[in-house]
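Below is one structure, written out as structure tokens, with a few remarks after it.
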Amino acid sequence: MSRQVVAKASEVEPCAVKVVTVRGREIGIFNVRGEYFALANRCPHAGGPLCRGRIVALVQSEGPGHYALARHNEFLRCPWHGWEFDIRTGQSWCDPKSTRARQFRVTVEPGAALVKGPYVAETFAVSVEEDYLVIDLAAAATPPAA
Amino acid sequence: MNISLRRPEASRDAPASLAIVDCDIHPAYRTPADLHPFLPARWREHMATFGEHLRQGLSGQLAWPRMMAAGMRVDAFPDEGPPGSDLALMRAQHLDVNGVEYGMLMQLSRGGMEERNLDFAAALSRAVNDWQLETWVKPEPRLRAGIVVPQEDAAFAVSEIERRADDPAFAQILISPRASDPLGHRRYWPIYEAAQRCRRPIALHVQGFSGGHASTGSGWPTYYMQEHYATTTGMQNTVTSLVFEGVFERFPDLKVVLIEGGFAWVPALCWRMDKHWERLRKEVPQLTRPPSDYVRAQCWFTTQPIEEPDDPAQLAEVIDWIGWDRLMFSTDYPHWDFDDPRQVFKFKLTEEQKRKVFRDNAKALYRLP
């Protein structure tokens with residue numbers, strides 16, 4: 001069983017992260033405007049605790065003297081060396097082709113469905129009234145970049 | 001766990017079972033009042049009334065805004081006080097999990113190095129040395145203090161070095177590489193003489209506060225990123241000054257550790273110095289050997305922040321030239337550009353190279369048991 005219930009959907013607030021441990025792996029779950037994404041809490045650059053970093057916007061520039069913020073709260077900046085990753089894809093901003101944070105598929109499931117199974121909820125009871133986040137350890141959320 | 005690191009071969013070099021010496025750990029005060037118990041009343045009152053007089057504008061503030069939280073690892077903030085001020089967190093987050101056998105303390109702020117009032121500088125120096133002993137080394141015997149002295153008052157510096165000389169808690173002597181003059185100047189020689197006599201290396205850590213000079217030869221940088229590069233050129237200026245003024249020739253047992261200034265520049269600098277020495281030797285007859293000889297014999301370098309060439313093998317070549325017995329591992333904990341001992345080298349080291357860089361070179365240099 002690679003799918004596991006890890007949190008109530010309401011526990012992960014917008015622009016925030018909740019770090020959970022699933023079978024010994026620390027995984028950060030992010031809520032980007034109602035969409036949920038899950039990244040391993042380990043930076044692919046040097047092994048830092050990636051999900052403890054800040055959730056930031058992307059600073060862009062058309063040239064010297066111009067700057068703009070884009071994609072607010074969609075990037076994660078590693079707390080050690082400051083590498084920035086796209087929360088939606090896990091891709092590094094500076095090295096998108098070969099550096100990517102490990103990502104897991106996360107889905108929202110109604111409690112009513114979960115109570116019937118077959119999903120595993122090891123750490124807490126599931127009630128029918130709420131929505132839950134389910135992580136699939138076996139599935140990358142998006143295919144690797146070409 | 002199937003995570004691909006940026007260069008996967010790196011993780012195989014984890015010194016998992018090897019105890020390491022970390023040559024650059026930054027302790028911090030919870031508050032400036034932490035120094036009060038170690039300062040005479042006269043200087044506590046001075047501090048409260050006048051504050052400090054650092055050799056830069058905006059005292060009490062970093063010279064450059066840092067992109068990470070005040071230049072710190074974001075995960076290194078304790079419940080109270082700044083990163084580096086909580087021994088329990090330092091143990092849990094670094095000393096224990098990274099197998100640190102010895103950690104060399106680099107206390108850079110409020111140690112008198114940059115204080116213009118020399119009497120106050122002397123009091124700060126003595127206080128910060130007592131503080132290192134009582135707050136860090138006595139409770140945590142894995143740590144070693146550095147004798148922080150104000151290099152602009154050589155007479156006091158010598159007395160403070162001699163005062164600590166019999167205490168193995170103090171492994172080296174810290175002065176600023178951004179002094180009022182380049183460090184080869186004779187005004188600083190009494191410090192080198194004392195260091196040689198007391199068998200302590202001189203530790204030169206790139207320093208945020210300057211002796212009043214711009215950090216680059218062409219003026220003040222605009223960005224922190226530029227300032228970060230300026231530390232490597234600043235270290236080169238320091239090495240050339242020590243070589244050509246004759247410091248290494250005059251004090252052949254003096255050992256100098258260059259900390260956080262990079263090291264990939266060392267071969268190129270030495271090639272250039274040697275070339276010029278062959279042609280211009282008459283100007284500096286005090287040198288009896290090629291400049292690179294002095295560097296190889298009397299300079300040590302720390303790893304962090306390590307250079308990361310696209311082809312990691314190129315860094316191995318650089319180290320081959322410098323000598324595997326002259327490079328010492330460092331993390332810079334708890335600063336933002338911390339190097340993890342398991343990830344720092346992106347190429348495969350031999351067992352002997354690993355032992356030397358991660359432990360044995362530092363243990364020999366600092367005469368650690």
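Scanning segment B:69-85 for residues that are part of a loop (DSSP other than H, G, I, E, B) and either more than 9 Å from chain A (Cβ to nearest Cβ) or under 18 Å from the mean Cα position of the chain (by Cα) (or both) gives B:PHE77, B:PRO78, B:ASP79, B:GLU80, B:GLY81, B:PRO82, B:PRO83, B:GLY84, B:SER85. State yes or no: is B:ASP153 of a type in the set (Asp, Glu) and surrounded by fewer than 16 Cβ atoms within 10 Å (Cβ to Cβ)? When the stated conditions are applied, B:ASP153 does not pass them.
Residue under question is B:PRO139, and the condition is that it be outside any strand (DSSP E or B) and without any contact (Cβ under 8 Å) to a residue 40 or more places away in the chain; does it hold? So B:PRO139 fails the test. Residues that are closer than 28 Å to A:TYR132 by Cβ and either in contact with a strand residue (DSSP E or B) (Cβ under 6 Å, 6 or more places away or on another chain) or surrounded by 19 or more Cβ atoms within 10 Å (Cβ to Cβ) (or both) do occur in segment A:60-71, at least one of them.
For first residues located in segment A:44-72 and away from chain B (no Cβ under 13 Å), partners that are among the acidic types (Asp, Glu) and lie 6+ apart or on another chain with Cβ distances below 8 Å form the pairs A:ALA57/A:GLU74; A:LEU58/A:GLU74; A:LEU58/A:GLU84; A:ALA68/A:GLU62. Among the criteria (1) touching a Lys or Arg at 6+ places or on another chain (Cβ under 8 Å); (2) touching a residue at least 60 places away in the same chain (Cβ under 8 Å); (3) more than 27 Å from B:ASP253 (Cβ to Cβ), the one B:THR331 does not fulfil is (1). With respect to the conditions (1) under 27 Å from B:GLY84 (Cα atoms); (2) out of contact with any Phe, Trp or Tyr (no Cβ under 9 Å at 6 or more places or on another chain); (3) within 14 Å of another protein chain (Cβ to nearest Cβ), B:ASP339 lacks only one, and its number is (2). The condition of being within 14 Å of chain B (Cβ to nearest Cβ), surrounded by fewer than 16 Cβ atoms within 10 Å (Cβ to Cβ) and of a type outside the set (A, V, I, L, M) holds for only one of A:TRP93, A:TRP83, that being A:TRP93. I'd like to know if segment B:304-317 contains one or more residues that are closer than 27 Å to B:LEU108 by Cα, in contact (Cβ under 8 Å) with a residue 60 or more places away in the chain, under 21 Å from the mean Cα position of the chain (by Cα) and outside any loop (DSSP other than H, G, I, E, B). No, that holds for no residue.
Every number in this text was worked out from the coordinates using simple rules, so none of it is lab data. The shown structure was predicted, so the numbers you read here are calculated from the model rather than taken from an experiment. Note that each Cβ is placed from the backbone with ideal geometry, even for glycine, and that neighbours are counted across all protein chains shown.
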